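The values are calculated or read from the model by the stated rules, or taken from the named source; none is laboratory data. Given the structure is predicted, the values throughout are model-derived calculations rather than measurements. Note that each Cβ is placed from the backbone with ideal geometry, even for glycine, and that neighbours are counted across all protein chains shown. When the accessible area is computed, the model is the full protein with side chains, heavy atoms only, and any ligands, DNA or RNA have been set aside. Shrake-Rupley method; radii C 1.70, N 1.55, O 1.52, S 1.80 Å.
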Amino acid sequence: MKDLPEEEQFQQLSTKSKHFIDTIKMIAYRAETAMANLLRETLSRPDEVRSLLRAIYSSEADLIPDHEQGTLTVKLHHLANRSYDVAIQKLCDELNSTETKFPRTNLRMIFKLGSK
């Protein structure tokens, strides 16, 4: 790194930037924890909750905007384990009850599992 030209060297984050990034990390962790607490009630092995969430985050999803209806459907794909699908459906139901709008749009997000 020291051999890079000065304009290409990495700069240490300023204190304000570090605090901002730390705040984002804390918000993300709290959101994940809230989802984990919801899923613990559904899974027979509560220690699998974080791995299920990681699987959801890393799996593909279909995004289907419908401007006439004012919705953005997020269709999650089924996972290999049936008990995971039950847990994911519960998570989808809970997220749908919040009637969250996609940022910077008026599209209400609808979460679905598979072909439902």
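I'd like to check something: does the stretch 30-41 contain any residue that is among the basic types (Lys, Arg) and outside any helix (DSSP H, G or I)?
First pass over the stretch 30-41, keeping only residues among the basic types (Lys, Arg): 30, 40.
Adding the requirement that they be outside any helix (DSSP H, G or I) leaves none.
Looking for residues that are among the basic types (Lys, Arg) and outside any helix (DSSP H, G or I), one finds none in the stretch 30-41, hence no.
Given the structure, is Asp3 open to solvent by 90 Å² or more (accessible area, probe 1.4 Å), at pLDDT below 95 and not in a loop (DSSP other than H, G, I, E, B)?
no
In summary, Asp47 fulfils each of the numbered conditions (1) open to solvent by 100 Å² or more (accessible area, probe 1.4 Å); (2) assigned to a helix (DSSP H, G or I); (3) under 20 Å from Ile110 (Cα atoms) with the single exception of condition (3).
Residues checked against (1) over 16 Å from Glu32 (Cβ atoms); (2) assigned to a helix (DSSP H, G or I); (3) free of Cβ contacts under 8 Å to residues at least 40 places away in the same chain; (4) open to solvent by less than 60 Å² (accessible area, probe 1.4 Å):
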residue	(1), (2), (3), (4)
Leu52	no, yes, yes, yes
Ile56	no, yes, yes, yes
Leu63	yes, no, yes, no
Gln69	yes, no, yes, no
Val74	yes, no, yes, yes
Ile88	no, yes, yes, yes
Glu94	no, yes, no, no
Met109	yes, no, yes, yes
